[in-house]
Amino acid sequence: MDIEELRSRVQAELPRLRSDLEDLVRIESVSADPARVAEVQRSAEAVATLFRAEGFEDTRIVSAREDGGAPAVIARKPAPQGRPTVLLYAHHDVQPENDHAEWTSPPFEPTERDGRLFARGAADDKAGIVAHLAAVRALGDDLGVGVTVFVEGEEEVGSDTLPDLLREHADTLRADVIVIADSANWDIGVPALTTSLRGLVRVDVTVRTLTHAVHSGMWGGLVPDALMALTRLLASLHDDAGDVAVEGLVSGPAADVEYPADRLRAESGAHPGVELIGTGSVVERLWTKPALTVTGVDAPRVEGASNTLTPVARAKISLRVAPGDTTAHALACLRHHLEAHVPWGAQLAVDLVDTGEATRIDATGPAYDAARQAFTEAWDGTAPVDMGVGGSIPFIAEFLETFPEASVLVTGVEDPDTRAHGIDEGLHLAEFERVCLAETRLLDLLAGVGAAD
């Protein structure tokens, strides 16, 4: 179809789509909060109602476990003979909103300011749901592909039961092309396809030097305290340049993309006097090299601290694993480093918290060609960037493993100032219109790509 005809159709649907999005974000579907389980269920029901209204007769709310799997929505429109089936993924659960007082407007009351719609979930990822809805509505009876919608309900708590769902419903979810609308675009006015994501290994590290606390004046200078030992151990994890010093971890090249220094500073929130760490290009450091962060420390509080040697101290370490590495290999490297560098014979325990595999996508073939054309047309001639993401979306690896024959496209509605997971999360409304048009055009173009045998 003509791109301008599709643009007109999308624009005609925007008021209703905006209303649907606002209704969804008013539902407090915080999957991490046991007190809001009913809200997560209500969110799933609202999503199912939206797609039933678009003629998805086979629409179900499913969960993988009777003892607590979060509700997901599966909705299907069969493919015409010889046409491909496209699986459209998003998630309806959201992050906790934290302190309401820190928000400029109430977190679950959608509010427009300066061309953005602010609310928890307005972008991540209820806008992804509505982008799928937009494409289906805009094409209407001209939808030339089969569409299966899969909207998960526990992405923000690690997609614990997603592998079970994929196995249980593999025949229903199997598709030629999978569109995962849970990433970001490169910039306002510049679309992107996400082609790599780092993996994740998290461990709790405990260091013990004493069986009990003792007087620091009586024993200080002879017996090491646990906090001293832990800080020396943590300091060994980076070299003087700030690169991760754990031997054996994989690094790789990144796309040749310029990341302007002023934008980098603004988006990262780095203090003007703080030097950036690591070596290599900015995007290599963010996308294709390992990164290691200490995200928490258990030790005596400063206020009220006594003059004693601390017997035990603990830290949580978050290791981002580069594409091309595996979590098993990265964990083994990290364990070896910690065991080799724990000082003064201190007792060390390393407890695995969780893992998520890195992803590297071979973004070639007819589906990717169609996506690049659709994005270029929707952004008025600006071609999409092949982008990496430094964070982790482990479920993408699950899709690749479960459906190896499918072309997986990772797209998104976010931009560098979306502030997903943070205070004042917001959706850029003009970019959202382009996202909706791009997905509509993508489904239109995929109708010309034959189904897999």
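The values are calculated or read from the model by the stated rules, or taken from the named source; none is laboratory data. Note that the coordinates shown come from a computational prediction; the quantities given were computed from them, not determined experimentally. Here the Cβ is made from the backbone with ideal geometry for all residues, glycine too, and neighbour counts use every protein chain on show. Remember, those area values only see protein heavy atoms, side chains included, never the ligands or the DNA or RNA. Shrake-Rupley method; radii C 1.70, N 1.55, O 1.52, S 1.80 Å.
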(request) Give the long-range amide H neighbours of S407: residues separated by 5 or more places, or on another chain, with amide H under 5 Å away, using H modelled in the peptide plane at 1.01 Å from N. (result) V177, I178
(message) Using the basic label-point model (7 angstrom from Cα toward the beta carbon), what is the E4 to S306 distance in nanometres?
(response) 8.0
(message) Report the Cα-based extents of segment 128-222 along its three principal axes, largest first, to the nearest Å.
(response) 83, 40, 21
(message) Using alpha carbons only, how many angstrom separate the centre of segment 343-421 from the centre of segment 305-323?
(response) 30
(request) Go ahead and collect, in residue order, the members of segment 345-381 whose backbone nitrogen is under 19 Å from a label point 7 Å along the Cα-Cβ direction of E401. (result) 352-362
(request) Calculate the dipole size of the chain relative to its Cα centre from +1 charges on Lys and Arg beta carbons and -1 charges on Asp and Glu beta carbons; express the result in debye to the nearest 20. (result) 840
(request) For E247 paired with V274, estimate the spin-label separation in nm (one decimal), with each label point 7 Å from Cα along the Cα-to-Cβ line. (result) 3.1
(request) Run down the lysines and flag those whose C-alpha is under 24 Å from the C-alpha of K77, throwing out any fewer than 8 positions away in its chain. (result) K126
(request) Mind ranking D256, D362 by accessible surface for me, highest first, 1.4 Å probe? (result) D256, D362
(message) Give the separation of the Cα centroids, segment 1-76 to segment 118-170, in Å.
(response) 7
(request) Return one whole number: the accessible area per residue of the chain in Å², for a 1.4 Å probe. (result) 44
(request) Report, to two decimal places, the Cα Rg of segment 257-336 normalised by 2.2 N^0.38 Å (N = number of residues). (result) 1.51
(request) Just the ratio, please: alpha-carbon radius of gyration of segment 88-144 over 2.2 N^0.38 Å, N its number of residues. (result) 1.41
(request) Given the peptides 269-282, 301-314, 157-170, 16-29, arrange them by the average over their residues of other C-beta atoms within 10 Å, most packed first. (result) 16-29, 157-170, 301-314, 269-282
(request) Would you mind telling me the antiparallel percentage of the DSSP bridges in the chain, rounded to 5? (result) 65
(request) Compare the Cα positions of I27, A430, P78 along the charge dipole of the chain (+1 at Cβ of Lys, Arg; -1 at Cβ of Asp, Glu; about the Cα centre) and return the one farthest towards the positive end. (result) I27
(message) So for segment 1-122, considering every pair of alpha-carbon atoms, how many percent are separated by more than 25 Å?
(response) 37
(message) Charges on Cβ only, +1 for Lys and Arg, -1 for Asp and Glu, centred on the Cα centroid of the chain; of G390, S216, I188, which one is farthest towards the dipole's positive end?
(response) S216
(request) Provide the FRET efficiency to the nearest 0.05 for the T326-D160 pair, computing r from the beta carbons and using R0 = 25 Å. (result) 0.80
